[in-house]
């Protein structure tokens, strides 16, 4: 049996920084949650691609926890990397840091976990490299991966059961 290669979290690191403009904000003068979710999926997808160097698809957005609002005229910096892997799946952690550009104050605004699956050119799943954390933060995130995976599988089964009971008929 061939041993799977191992990569470090830093090899999939993506950092994206954007300024928050008025057109990016809602009626509370804070960044639209949907805009942030687009940034999250974008950076996470690049991390997944860097890790496996194959086609990838988003399997799930496991969580997006909005901790503090990101205001107009602040910047938003997303840091993403592969935190753990399964056979063909990759769990991506995204840390969202906002910065008041006038004062320099930086704060953790949100965190997110997503799962991506690696595919070959025919759309079949392929094995991905293992991942090894190096920093204390990466080790802490990596240590919780098994519990998050179990919770993700339970949630998926529950959602599949729910989907079987839902109608696709338009109610009017």
**Study point:** Of all residues making up region 99-144, the number that are touching a residue at least 60 places away in the same chain (Cβ under 8 Å), under 30 Å from residue 29 (Cβ atoms) and more than 15 Å from the chain's Cα centre (by Cα)
**Key:** 1
**Study point:** Among the candidates 88, 80, 23, 49, residue that is modelled with pLDDT of 95 or more and in contact with a helix residue (DSSP H, G or I) (Cβ under 8 Å, 6 or more places away or on another chain)
**Key:** 80
Practice item. Scan region 10-39 for residues that are farther than 27 Å from residue 121 by Cβ, outside any strand (DSSP E or B) and in contact (Cβ under 8 Å) with a residue 24 or more places away in the chain and jot them down. Key: 10, 20, 21, 22, 24, 28, 29, 33, 36, 37, 39
Check your understanding: Only one of (1) in contact (Cβ under 8 Å) with a residue 40 or more places away in the chain; (2) under 13 Å from the mean Cα position of the chain (by Cα); (3) more than 29 Å from residue 101 (Cα to Cα) is not met by residue 49, so which one is it?
Key -> (1)
Review point. Does residue 61 qualify as being part of a strand (DSSP E or B) and modelled with pLDDT under 95?
Key: yes
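The values are calculated or read from the model by the stated rules, or taken from the named source; none is laboratory data. Everything quoted here is computed from the prediction, not taken from an experiment. Here Cβ is always computed from backbone atoms with ideal geometry, including for glycine, and neighbour counts include all displayed protein chains.
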